[in-house]
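Trainee: Encoded as structure tokens, here's the structure I'll be asking about.
The values are calculated or read from the model by the stated rules, or taken from the named source; none is laboratory data. Predicted, not measured: the structure shown is a model, and the values here were computed from it. Virtual Cβ from ideal backbone geometry, glycine too; neighbours counted across all protein chains shown.
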Amino acid sequence: MKVLIDCDPGHDDAFAIIVASQFSEIVGVTTVSGNAPLTLTTKNARVVLDLCGSSAPLHSGAARPLVAEPIHAAYIHGESGIDGAILPEPSRLADGTDAAHFIIDTVRATPDLWLVALGPLTNIALALRAAPDIAQRVAGISIMGGGRFGNRTATSEFNIWCDPEAASAVFDSGAKIVMSGLDLTHQLIADPKRIETVRSAHTTLGPLLAGLLEFFGSSYMARHDDFLGAPLHDVCAVLALTHPQLFIWKDAHVVVEIDGTHTRGMTVIDDRHVRDGNTTNVRVLETIDADAAFEIIVDAVHACPSNG
Ligand code: BDR
Ligand code: CA
């Protein structure tokens, strides 16, 4: 399976890229402002591609949302966007700075390509705005975002909340969408026992990645009173494509709230099953076999090349 990953690394983005590098063909990576400013998310993507031995083309993109002011998530990911370990300096620069046109060109040139969206949807919305044909050309868009409750606000998940106008355009684009929302991703927790399996999966990378997970988990445990570690949100959007047997889902009509005083950035999922309802536009993932998913994550870490 061929994937183009749009991301804002981000601890869980990093693990998503590692899993994708082992179980799919990454034809490109694009970066967006989100967990950290664009320069940092791009640097982090360069590092992570090195760690997993990928030479996929990398293009940076939007440095800010379409309408909203840029706001980041240092309270979860640290100032670097990926605090918790001493990371090696990246060996490579990005290959370009126009993510939207890279997405357009790659979708047009690559049959059956899936977009995997792990950050705010700005780059993908810009691509769809410039080239609406890609909504039908792409196999689909697997999105980490939204859900039946929020994390940045009571109703709104960070990726959608950062750029609701972009998210709304993507959900309304007509592309096939698979959605990993918070009610799903909170089932995939990197608890201390699982972190130890990551640590021992690779002599050099294992301790480094375990350090990242410990930092990420400590952010969640400091902010919430009911977490044993961090949810590996973004990994779900990759596994949804590479290991669909792990999931149970339902199809529904989903729109993004862009105007609500208290609900801006909410994904509104229509569960009514009424005969005159809107056509379903999103596959909403509802449950994941978390133990099996974590074994796959550990296998992917184990398969990474030595970073000597
Ligand atoms: C999402 O926001 C970021 O903090 C994570 O990388 C994930 O994509 C979860 O709300
Ligand atoms: Ca992310």
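Trainee: Which count do you get for residues in region 287-305 that are surrounded by 15 or more Cβ atoms within 10 Å (Cβ to Cβ) and either aliphatic (A, V, I, L, M) or not in a helix (DSSP H, G or I) (or both)? Reasoning before the result, please.
Mentor: Filtering region 287-305 down to residues surrounded by 15 or more Cβ atoms within 10 Å (Cβ to Cβ) leaves 288-290, 293-294, 296-298, 300-304.
Filter again for either aliphatic (A, V, I, L, M) or not in a helix (DSSP H, G or I) (or both), leaving 288-290, 293, 296-298, 300-301, 303-304.
So the answer is 11.
Trainee: So, one more: Please determine whether any residue of region 71-94 is touching a strand residue (DSSP E or B) at 6+ places or on another chain (Cβ under 6 Å) and among the hydroxyl-bearing types (Ser, Thr, Tyr). So that I can check it myself, show each step before the final result.
Mentor: Looking only at region 71-94, we keep the residues that are touching a strand residue (DSSP E or B) at 6+ places or on another chain (Cβ under 6 Å), and these are 94.
Narrowing further to those that are among the hydroxyl-bearing types (Ser, Thr, Tyr): none.
There is no residue in region 71-94 that is touching a strand residue (DSSP E or B) at 6+ places or on another chain (Cβ under 6 Å) and among the hydroxyl-bearing types (Ser, Thr, Tyr).
Trainee: In this structure, does residue 67 turn out to be more than 16 Å from ligand 2 (Cβ to nearest atom) and over 25 Å from residue 209 (Cβ atoms)? Show your work before the answer.
Mentor: On the way: more than 16 Å from ligand 2 (Cβ to nearest atom): yes; over 25 Å from residue 209 (Cβ atoms): yes.
Spelling it out, residue 67 is indeed more than 16 Å from ligand 2 (Cβ to nearest atom) and over 25 Å from residue 209 (Cβ atoms).
Trainee: A follow-up question, please. Kindly check whether there is at least one residue in region 95-109 that is of a type in the set (Ser, Thr, Tyr) and over 30 Å from residue 204 (Cβ atoms). Walk me through it before giving the result.
Mentor: Keep residues of region 95-109 that are of a type in the set (Ser, Thr, Tyr), which gives 97, 106.
Adding the requirement that they be over 30 Å from residue 204 (Cβ atoms) leaves 97, 106.
Within region 95-109 (the criterion being of a type in the set (Ser, Thr, Tyr) and over 30 Å from residue 204 (Cβ atoms)), the answer is yes, since at least one residue qualifies.
Trainee: Show the residue pairs that are 6+ apart or on different chains and have beta-carbon atoms under 7 Å apart, the first residue being within region 208-236 and under 19 Å from residue 292 (Cα atoms) and away from ligand 1 (no atom under 14 Å from the Cβ), the second being outside any helix (DSSP H, G or I) and modelled with pLDDT of 95 or more.
Mentor: Short answer, once both residue conditions are applied: 228/189; 228/191; 229/189; 229/190; 229/191.
Trainee: Let me confirm something: among 83, 13, which residue is under 24 Å from residue 134 (Cβ atoms), charged (D, E, K, R), buried (at least 18 other Cβ atoms within 10 Å of the Cβ) and within 16 Å of ligand 2 (Cβ to nearest atom)? Please lay out each step first, then the result.
Mentor: Numbers: 83 fails: under 24 Å from residue 134 (Cβ atoms).
Exactly one residue qualifies, and that residue is 13.
Trainee: Would you confirm whether or not region 78-87 contains a residue that is acidic (Asp, Glu) and under 21 Å from residue 161 (Cα atoms)?
Mentor: yes
Trainee: Consider region 208-228. How many of its residues are surrounded by fewer than 16 Cβ atoms within 10 Å (Cβ to Cβ) and of a type in the set (A, V, I, L, M, F, W, C)?
Mentor: Residues meeting the conditions: 3.
Trainee: For region 229-257, enumerate the residues that are surrounded by 18 or more Cβ atoms within 10 Å (Cβ to Cβ) and over 18 Å from residue 186 (Cα atoms).
Mentor: Residues satisfying the conditions are 241, 242, 252, 254, 256, 257.
Trainee: Which of the residues belonging to region 57-68 are in contact (Cβ under 8 Å) with a residue 40 or more places away in the chain and either in contact with a His (Cβ under 9 Å, 6 or more places away or on another chain) or more than 30 Å from residue 260 (Cα to Cα) (or both)? Can you show your working first?
Mentor: Taking region 57-68 as the starting set, the residues that turn out to be in contact (Cβ under 8 Å) with a residue 40 or more places away in the chain are 57, 59, 61-62, 64-68.
Hits for region 57-68 are 57, 59.
Trainee: Here is a check on your reading of the model: is residue 116 aliphatic (A, V, I, L, M), more than 16 Å from ligand 2 (Cβ to nearest atom), farther than 11 Å from residue 266 by Cβ and in contact with a strand residue (DSSP E or B) (Cβ under 9 Å, 6 or more places away or on another chain)? First the steps, then the outcome.
Mentor: On the way: aliphatic (A, V, I, L, M): yes; more than 16 Å from ligand 2 (Cβ to nearest atom): no; farther than 11 Å from residue 266 by Cβ: yes; in contact with a strand residue (DSSP E or B) (Cβ under 9 Å, 6 or more places away or on another chain): yes.
For residue 116, the condition - aliphatic (A, V, I, L, M), more than 16 Å from ligand 2 (Cβ to nearest atom), farther than 11 Å from residue 266 by Cβ and in contact with a strand residue (DSSP E or B) (Cβ under 9 Å, 6 or more places away or on another chain) - is not met.
Trainee: Which one of 107, 48, 32, 3 is within 14 Å of ligand 2 (Cβ to nearest atom) and under 18 Å from residue 141 (Cβ atoms)? Working first, answer last.
Mentor: Values: 107 fails: within 14 Å of ligand 2 (Cβ to nearest atom); 48 fails: under 18 Å from residue 141 (Cβ atoms); 3 fails: within 14 Å of ligand 2 (Cβ to nearest atom).
Going through 107, 48, 32, 3 in turn, just one is within 14 Å of ligand 2 (Cβ to nearest atom) and under 18 Å from residue 141 (Cβ atoms): 32.
Trainee: Give the residues of region 97-126 that are surrounded by fewer than 15 Cβ atoms within 10 Å (Cβ to Cβ) and either in contact with a His (Cβ under 7 Å, 6 or more places away or on another chain) or not aliphatic (A, V, I, L, M) (or both), sorted by residue number.
Mentor: Step one: of region 97-126, the residues surrounded by fewer than 15 Cβ atoms within 10 Å (Cβ to Cβ) are 97, 108-109, 111-112.
If the condition is that a residue be surrounded by fewer than 15 Cβ atoms within 10 Å (Cβ to Cβ) and either in contact with a His (Cβ under 7 Å, 6 or more places away or on another chain) or not aliphatic (A, V, I, L, M) (or both), then 97, 108, 111, 112 are the ones that fit.
Trainee: Scan region 140-147 and tell me whether some residue there is more than 19 Å from the chain's Cα centre (by Cα), more than 16 Å from ligand 2 (Cβ to nearest atom) and either of a type in the set (Ser, Thr, Tyr) or farther than 30 Å from residue 262 by Cα (or both).
Mentor: Just the residues of region 140-147 that are more than 19 Å from the chain's Cα centre (by Cα), to begin with: none.
Within region 140-147, not a single residue is more than 19 Å from the chain's Cα centre (by Cα), more than 16 Å from ligand 2 (Cβ to nearest atom) and either of a type in the set (Ser, Thr, Tyr) or farther than 30 Å from residue 262 by Cα (or both).
Trainee: Across region 63-83, which residue is farthest from the chain's Cα centre (by Cα) among those that are aliphatic (A, V, I, L, M) and closer than 18 Å to residue 234 by Cβ?
Mentor: Pass one, region 63-83, residues aliphatic (A, V, I, L, M): 63, 66-68, 71, 73-74, 76, 82.
Next, from what is left, pick out any that are closer than 18 Å to residue 234 by Cβ: 73-74, 76, 82.
Values: 73: 14, 74: 17, 76: 15, 82: 14 Å.
Among residues in region 63-83 that are aliphatic (A, V, I, L, M) and closer than 18 Å to residue 234 by Cβ, the one farthest from the chain's Cα centre (by Cα) is 74.
Trainee: Residues that are more than 27 Å from residue 296 (Cα to Cα), within 11 Å of ligand 1 (Cβ to nearest atom) and small (Gly, Ala, Ser): which helices (runs of 4 or more DSSP H) entirely in region 1-81 hold 1 or more of them? Write out each step before concluding.
Mentor: On the way: elements: 11-23, 38-51, 74-77.
Fully inside region 1-81 and qualifying: 74-77.
Trainee: Quick check: anything in region 8-27 at positive phi and in contact with a His (Cβ under 7 Å, 6 or more places away or on another chain)? Don't jump to the end; show me each part of the working.
Mentor: If we filter region 8-27 for residues that are at positive phi, which is where we start, we get 10.
Those still in the list that are in contact with a His (Cβ under 7 Å, 6 or more places away or on another chain) too: 10.
Checking region 8-27: at least one residue is at positive phi and in contact with a His (Cβ under 7 Å, 6 or more places away or on another chain).
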